[in-house]
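What follows is a set of notes on a single structure, which appears directly below.
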Amino acid sequence: MATDLADVVRRGLTDFPKSLPPLLFYDEEGSRLYERITELPEYYLTRAERSIFVQRADELVDRALAVDGPGRQLTVVELGAGSATKTELLLAALLRRQAACVYVPIDVSPAALDLATQRLSESLPAVRVRPIVATHEGALPQLARIEGPVLAMFIGSSIGNLADEDATRLLRGLRGALGRRASLLLGTDLKKAPEILIPAYDDAAGVTAAFNKNVLVRINRELGGRFDLARFRHVARWNEGRSRIEMHLESTDDQRVSIEALGIVVHFRRGETIHTESSVKYDLPHAARLMEAGGFSPPTVYFDEERRFAVHLAPASR
Ligand code: AVJ
């Protein structure tokens, strides 16, 4: 995959149908907006997953530690760590079992990693933070060098951004880099009524709309784009066949938008959209299939009280 912003944007906007990868959301402003999303009344995901950690962190940690037997310290790796507020609960539980631990947060946003490192140094000084600014795939070679047992966290239902083939490839990559010493802690949002899902991605305060449109702001700033935000509408759709929420930016009329750094003019028909994100909603067999295909054993599954969200813990399969 092209990782350079210009290449990614060129490819996405000259493709049909048009799309942009969700990775582009997370510049400094986008990371801030995402943090606000996690606090919205409609966005239940973060609260549901946090409540699982609040109630079950000790049990989760005991199970993760049991995989490798007693002795060596467990290292925690996290894909797409963001601000790591939920992870803190797990790290605190781990420090009730071992004196210190290494935590390796991976994120494309240096700002988010700085914030996480800063906060953890104050709240849990026994955690040695070794951040990696990279995409998930980009970090794999460095993960292969970690010694001892590793708990790899991929929480927040971030896996839902990936189509099943890509999710499987990523889990396999993780399993390949970490080997048999790895356990996987995977958070997945669960399939539920569109009446609950849609508002979670189209909130009343318009924070998700601003988060979505921020990719256009970013293209304007970083690539000399001329997107007029008033002529694009935030849309959240439920795709039943693929069991996913889709976010789009819909052009409100026929228009041409030039992007200076790319030397292109992009044409939009009225109602045409840029697909900016998919967020897959899982049932348990679906999640188990992905983990198995990724090289992990059947998981232990933990739920919040309302069964909106699931956290799966699985050791590497032999
Ligand atoms: C960070 C990918 C888990 O899909 O729910 C939130 C991102 N997009 N609101 C999700 C997001 C719109 C979020 N993930």
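The values are calculated or read from the model by the stated rules, or taken from the named source; none is laboratory data. Please read these numbers as outputs of a predicted model, since none were measured by experiment. Cβ: placed from backbone, ideal geometry, glycine included. Neighbour counts: every protein chain shown. Just the protein is used for accessible areas: all its heavy atoms, side chains included, with ligands, DNA and RNA removed. Shrake-Rupley method; radii C 1.70, N 1.55, O 1.52, S 1.80 Å.
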Quick one: angle between helix 5-14 and the longest Cα principal axis of the chain, in degrees between 0 and 90, rounded to 10, please.
50
Could you list which residues have their amide H under 5 Å from that of D27, counting only those 5 or more apart in sequence or on another chain, with H placed in the peptide plane?
none
Taking placed amide H atoms and a strict 5 Å upper bound, the residues 5 or more places from F296 or on another chain that come that close are S317
Relative to the first principal axis of the alpha-carbon coordinates of the chain, what is the inclination of helix 164-178, with its axis defined by its Cα atoms, in degrees from 0 to 90 and to the nearest 10?
40
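If you place +1 on the Cβ of every Lys and Arg and -1 on the Cβ of every Asp and Glu, how big does the dipole about the Cα centre of region 272-318 come out, in debye to the nearest 20?
Numbers: 5 positive and 7 negative charges, 57 e Å.
Around 280 debye, computed over region 272-318.
Return the carbon/sulfur percentage of the accessible area of region 242-318, one whole number, probe 1.4 Å, all protein chains in place. Could the numbers behind the result be given before it?
Numbers: 1530 of 3410 Å².
The value for region 242-318 is 45 percent carbon and sulfur by accessible area.
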Output wanted: per-residue J couplings in Hz (rounded whole) for region 110-116, from phi through Karplus 6.51 cos²θ - 1.76 cosθ + 1.60, θ = phi - 60°, x for Gly and Pro.
x, 4, 5, 5, 4, 4, 5
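Determine Rg/Rh for the chain; Rg is computed over alpha-carbon atoms and Rh is the Kirkwood hydrodynamic estimate from the same atoms.
Details: Rg = 19.9 Å, Rh = 20.3 Å.
Expressed as Rg/Rh, it is 0.98.
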Heavy-atom accessible area of region 1-86 with neighbours in place, 1.4 angstrom probe: carbon+sulfur share in percent works out to 51
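Determine one quarter of the surface area of the Cα convex hull of region 127-187, which equals its mean projected area, and express it in nm² to one decimal. Provide the component values of the computation, followed by the final result.
Numbers: hull surface 17.7 nm².
Projected area, direction-averaged: 4.4 nm².
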Mind checking the per residue accessible area of the chain for me, 1.4 Å probe, whole number of Å²?
44
Taking only Cα atoms, what is the 0 to 90° angle, nearest 10, from helix 28-37's long axis to the longest principal axis of the chain?
70
Cut-off under 29 Å on the C-alpha distance; same-chain residues fewer than 8 positions from K18 excluded. Which lysines are left, in chain and number order?
K191, K192, K213, K281
